[in-house]
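The values are calculated or read from the model by the stated rules, or taken from the named source; none is laboratory data. For clarity, every value in this text was computed on a predicted model and none was experimentally measured. Ideal geometry is used to build each Cβ from the backbone, glycine not excepted, and the neighbour counts take in all protein chains shown. Side chains are part of the model used for accessible areas, which takes the heavy atoms of the whole protein and leaves out ligands, DNA and RNA. Shrake-Rupley method; radii C 1.70, N 1.55, O 1.52, S 1.80 Å.
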Protein chains: 2
Amino acid sequence: MTQPIPMVEIWRGDLLESQHLGHAVVCDASGNVVEAWGDDEKVIYPRSSCKMLQALPLIESGAADAFGLTSEHLALSCASHQGAAIHTDRVQVWLNDLGLSVSDFRCGPQRPDDKEAHEALVRAGKNPCQIHNNCSGKHGGFLTLNKHLGAGSEYVEVDHPVQRAAKAAFEEMTGERSEFYGIDGCSAPNFSTSVTGLARAMARMAKPSGSDSRAQASTRLVDAMRAHPELVAGEGRACTELMRAMDGKVAIKTGAEAVFTAILPEQGLGMALKIVDGGTRAAEAAIAGLLVKYGVLDENHPMARKRMYGPILSRSGLHAGRIRLSPDFIQL
Amino acid sequence: MTQPIPMVEIWRGDLLESQHLGHAVVCDASGNVVEAWGDDEKVIYPRSSCKMLQALPLIESGAADAFGLTSEHLALSCASHQGAAIHTDRVQVWLNDLGLSVSDFRCGPQRPDDKEAHEALVRAGKNPCQIHNNCSGKHGGFLTLNKHLGAGSEYVEVDHPVQRAAKAAFEEMTGERSEFYGIDGCSAPNFSTSVTGLARAMARMAKPSGSDSRAQASTRLVDAMRAHPELVAGEGRACTELMRAMDGKVAIKTGAEAVFTAILPEQGLGMALKIVDGGTRAAEAAIAGLLVKYGVLDENHPMARKRMYGPILSRSGLHAGRIRLSPDFIQL
């Protein structure tokens, strides 16, 4: 088994203070590995980085069209949003349109990461609820599919038709049988795959073959993510800022415990990476580095530099340190 | 150079999802290494885990007594507090007693981690200020020493008498010449040492030799930390909870980028550890494991279990995963 490689370094003064190891794979749409670092067969949970795969049955089943979902709904179904009003307002309308309420969610409450939304809750003396959960858009998709299927209310159980459909799509796209599953932060099952399997799935999203329902669903989801970067994450977040920096040409998605995926339609490539220690700052730096290396992100774009180089400032604004891609990984 | 070893594992379902590597050293008061994992000569920044060393000149100079500092002041001077009212109220009185104001601080503003304090600020429409900085107690100590010395206002500059005194004490206690320094989050310089040097300094704090001013200052600072665990960090925090779980017998201190130190007076031992990737959850699990291994923390105390084992829950409260000490590190 190949070991993970140093990917991202944190420097303070002239000392390497911290270091992140990881695995990364770039695949083409035939499923072949174009380039790999670390152990390309490492089995991981993609966590939220595979939401676009989990959303495939929503379209393929006919549920999305039956309920008139727009590209905004589809972007939200692939989102890890930060509970800003632009996210929660849309999810609330979606629920209303389904004739459902927040109590039909099974994702659990979460404090919004969006500063304004959080402070509005505090001022109103309200607690965060399930609609603020960063996965409430994904669960909006699950509930839509569930209504279409007419299945039971406990849609996050692993043997529920909604999750069985998500797993089938996931395995078909990764080209692997998933060996493990874990309960995600939003209580839905998350299925394991190798880093290569995840990159392969992203390449197939990037360049779907044929014109069947899978190809159409893939294209619609990727187009929705690229059209609405602000819905996929939110202001200040890596997914939103980097997708904007690439002028909507590429769709990217973060996952908990430092997973990142990228879908490059023009190149017909998919990317997946996992930082071993789960450090999000490193996953963000690493995906930015890969996107620069493959020519879709300008190294000098401020949003690219922010993720790849820092700077790290003290709380009074002094320059304290910097981020750097490890030369073992990428030399730009 | 010895490589870091696996120290802490994050499991989700039956899959090892993430893993943290680290270095750790236990020293006795003679400065000898009792036990070590990874590279005991690894050079690190202790960050806030060495605040008790930075506070030595405050006492040794006579400043603490000249300004009538109590054990609460001394605990705050070693603290990374979370900006709760019990912290900021005391620091404000301290500043008043010095005839100084918040604008004399050079630590920069920081949003309180304490939920109640943060929400009170939001409701009042106020921004966090420098007194909420987790290091405002340390800076209270710096300002007290500075007033005693009659030196200039820019007390965080590396060649300022306050920082020169801190560096001298640090090097004497670690027994090493510090090669690097970095700007800490609070803008004060933070000096490098090896993991062994840091553990050695903690052992010397645990069992000071002789009855000179260094020995007295060490004992007063360690006693203050042990007497006021709630001032050293705050409710819900690892330092506070684990010190309470050990009935005040041991002083422990976290540092940014996943450093942890422990001072064991009864055993005459000092501990220091660094997680390579800067993941705080792993530093907390690892120090708890070391304290259990050395017989000062009950493995079954709920606060020990919380750090060493989790559980990791989904946002709706389902059991999703667990933390585990790597068997390469400690088998309990």
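For this structure, a couple of remarks:
- None of B:E9, B:E35, B:E72 is within 29 Å of B:G234 (Cα to Cα) and part of a strand (DSSP E or B) except B:E9.
- Enumeration of residues in region A:224-266 that are among the small types (G, A, S), farther than 29 Å from A:I183 by Cβ and part of a helix (DSSP H, G or I): A:A227, A:A245
- Flag for A:S61 being over 21 Å from the mean Cα position of the chain (by Cα) and in contact (Cβ under 8 Å) with a residue 24 or more places away in the chain: yes
- Filtered by the rule that a residue be open to solvent by 50 Å² or more (accessible area, probe 1.4 Å) and touching a Ser or Thr at 6+ places or on another chain (Cβ under 9 Å), region B:44-72 gives B:E60, B:A66, B:F67.
- Flag if B:Q92 is open to solvent by less than 30 Å² (accessible area, probe 1.4 Å) and within 22 Å of the chain's Cα centre (by Cα): no
- Matching entry among A:G268, A:G248, A:G255, A:G234 (being farther than 17 Å from A:L76 by Cα and either open to solvent by 10 Å² or more (accessible area, probe 1.4 Å) or at pLDDT 95 or above (or both)): A:G268
- Given (1) touching a helix residue (DSSP H, G or I) at 6+ places or on another chain (Cβ under 9 Å); (2) open to solvent by 10 Å² or more (accessible area, probe 1.4 Å); (3) not in a helix (DSSP H, G or I), number of the condition A:G210 does not satisfy: (1)
- Residues considered: A:M308, A:M303. Of these, the only one that is closer than 30 Å to A:G185 by Cα, open to solvent by less than 10 Å² (accessible area, probe 1.4 Å) and out of contact with any Cys (no Cβ under 7 Å at 6 or more places or on another chain) is A:M308.
- Residue within region A:91-98 that is within 16 Å of A:A233 (Cβ to Cβ) and touching a residue at least 12 places away in the same chain (Cβ under 8 Å) present: yes
- Here is the figure for region A:166-203: residues that are of a type in the set (D, E) and at positive phi total 0.
- Region B:196-207, subset buried (at least 24 other Cβ atoms within 10 Å of the Cβ) and among the basic types (K, R), residue nearest to the other protein chains (Cβ to nearest Cβ): B:R200
- Filtered residues of region A:303-332 (kept if in a helix (DSSP H, G or I) and either in contact (Cβ under 8 Å) with a residue 40 or more places away in the chain or within 13 Å of another protein chain (Cβ to nearest Cβ) (or both)): A:M303, A:A304, A:K306, A:R307
- Some residue of region B:283-297 being within 14 Å of another protein chain (Cβ to nearest Cβ), farther than 29 Å from A:Y181 by Cβ and not polar (S, T, N, Q): yes
- Boolean, A:Q19 is outside any strand (DSSP E or B) and open to solvent by 10 Å² or more (accessible area, probe 1.4 Å): no
- Scanning region B:37-45 for any residue that is at negative phi and among the small types (G, A, S) turns up nothing.
- Looking only at region A:4-41, and only at residues there that are facing chain B (nearest Cβ under 8 Å) and under 21 Å from the mean Cα position of the chain (by Cα), the one that is nearest to A:S192 (Cα to Cα): A:L21
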